[in-house]
1. Would you please name the residue that is surrounded by the most Cβ atoms within 10 Å (Cβ to Cβ), looking only at residues in region 265-288 that are farther than 18 Å from Ile111 by Cα and touching a Leu at 6+ places or on another chain (Cβ under 7 Å)?
2. Could you tell me which numbered condition Glu233 fails, if it satisfies all but one of (1) without any contact (Cβ under 8 Å) to a residue 40 or more places away in the chain; (2) outside any helix (DSSP H, G or I)?
3. When the residues of region 152-171 are narrowed to those that are touching a strand residue (DSSP E or B) at 6+ places or on another chain (Cβ under 9 Å) and in a strand (DSSP E or B), which ends up farthest from Tyr254 (Cα to Cα)?
4. Return the total of residues in region 223-240 being basic (Lys, Arg) and under 16 Å from Lys261 (Cβ atoms).
5. How many residues, within region 189-224, are aromatic (Phe, Trp, Tyr) and either assigned to a strand (DSSP E or B) or over 23 Å from the mean Cα position of the chain (by Cα) (or both)?
6. Filter region 253-264 down to residues that are touching a residue at least 12 places away in the same chain (Cβ under 8 Å) and out of contact with any Leu (no Cβ under 9 Å at 6 or more places or on another chain) and give me whichever is nearest to Lys96 (Cα to Cα).
7. Hey, could you check region 243-263 for residues that are touching a Lys or Arg at 6+ places or on another chain (Cβ under 8 Å) and closer than 22 Å to Gly84 by Cβ and say which is surrounded by the most Cβ atoms within 10 Å (Cβ to Cβ)?
8. Identify all residues within region 195-252 that are of a type in the set (Ser, Thr, Tyr), within 19 Å of Ile277 (Cβ to Cβ) and out of contact with any helix residue (DSSP H, G or I) (no Cβ under 7 Å at 6 or more places or on another chain); write none if there are none.
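Read-outs throughout are calculated quantities, based only on the coordinates presented, and are distinct from any laboratory measurement. Small disclaimer: the values here were computed from a predicted structure and weren't measured. Note that each Cβ is placed from the backbone with ideal geometry, even for glycine, and that neighbours are counted across all protein chains shown.
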Amino acid sequence: MAIIKRAKNLIVNIKNEYRHFSGSYECVSDEVQIIATEGNLTLTSAKKIAVKKGSDNTTAKSVVEQNKNGVKGGNSDNYKKINGHFYKTDGTFLGKEYSKDFTGDVNDVYICDPDFIRPQLSDNNWVYKAIQNLGPIKAKDRVYENVKKLTIKGVDIKNDTLLRIAGLAFSETGLADEAIRILPYTILNHYKQLFDTKKTIEIKKEITKDLTWRNGILDKVIIKMRNKLSDIEYAIGEDGKGGNKAFRVTFLGYTDRNITKIDFEKNAFKRNENDKIRLAVKSTIDALNYFDKGSNEKEDISKRAIGWHGIDILIKGKDGKLTFFQEKLFIEDKHIDNFSHPKYGKWKNNKTLDKSMFVSVSVHKTEKGLPTLFYKTTELGYKNL
């Protein structure tokens, strides 16, 4: 009998001790690294320990040649050296790579698969680790495989943009999984509607008319959908006394309000420990890939949603007057029962569907039982945009 293992990458992590007993053992590889991280490296033999440079073993050469095509990049020197932020497809942050000798923008985003990366050993202090246990490691120490740059319509997505969208998905949905998945699609649908209807974006007197895919345009759409709040204003409030606590504390890792500039890298590896944040990052990657290859309504899990609201939409305006959305939004009967609050009551439609500019598409309860409602534009809404 025989045990045959074939794999692109094979990682075996032994918690305590590993022993191998066999009549004969052969390891054939382009390169073999044996590292003792603590104590001595001991080789013991009943006879001589022979060290040879090169080999005329034709069987070994044949095996090496057969396996070469299965190893991406061959030897580590053949790998491209690029700057950027690297993530797994499940939203796990792998690390930031930057060197003046590398190419590319350090704020570019790359998505990697499968679950492990291979080490590129350059000193004696590095230990191979499974990706889920990986901490910050120097750029020279790692080689990522199966890498794809995150772009949309040929425009590079920057790490700050990725995290702005993921931050909203995490912070605005009350930790409801399905709402977290949907919100990134909603942001991109909102952008697409602005572009299709030739609208402009106005933020603090700055008017943007060119909404073609380009660097920075998504950030302006995100700020617009955050009630025109900058990163700092969204985190701590316009007066420094409010803001979104989930975004500030859990997502960004700030424990106080003494913030002069948002650093999205501050909490990078800590975010990996939060399942909801990783889901938000994964969903953002999925949404960007979806829109990059061309939006298809059948694959849009948001059902063409272009916005969302929490329970605050039930609160009347000044002097008890109806707010804009209380006048313009129609919530379907199947959603109304889930959209109510003991203090503010139950939603009541003020117009029929044919006279409303927006209509509900889904409602998702948060962990505390509060609803997040997603809505899309009606035919009348498109005519009046």
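1. By that ranking, first place goes to Asn267.
2. (2)
3. Here the residue is Asp156.
4. Summing the residues that are basic (Lys, Arg) and under 16 Å from Lys261 (Cβ atoms) in region 223-240 gives 0.
5. Total satisfying the criteria: 1.
6. Going through the qualifying residues, I end up with Gly253.
7. Taking the candidates together, the pick is Phe251.
8. Within region 195-252, just Thr250 meets the criteria.
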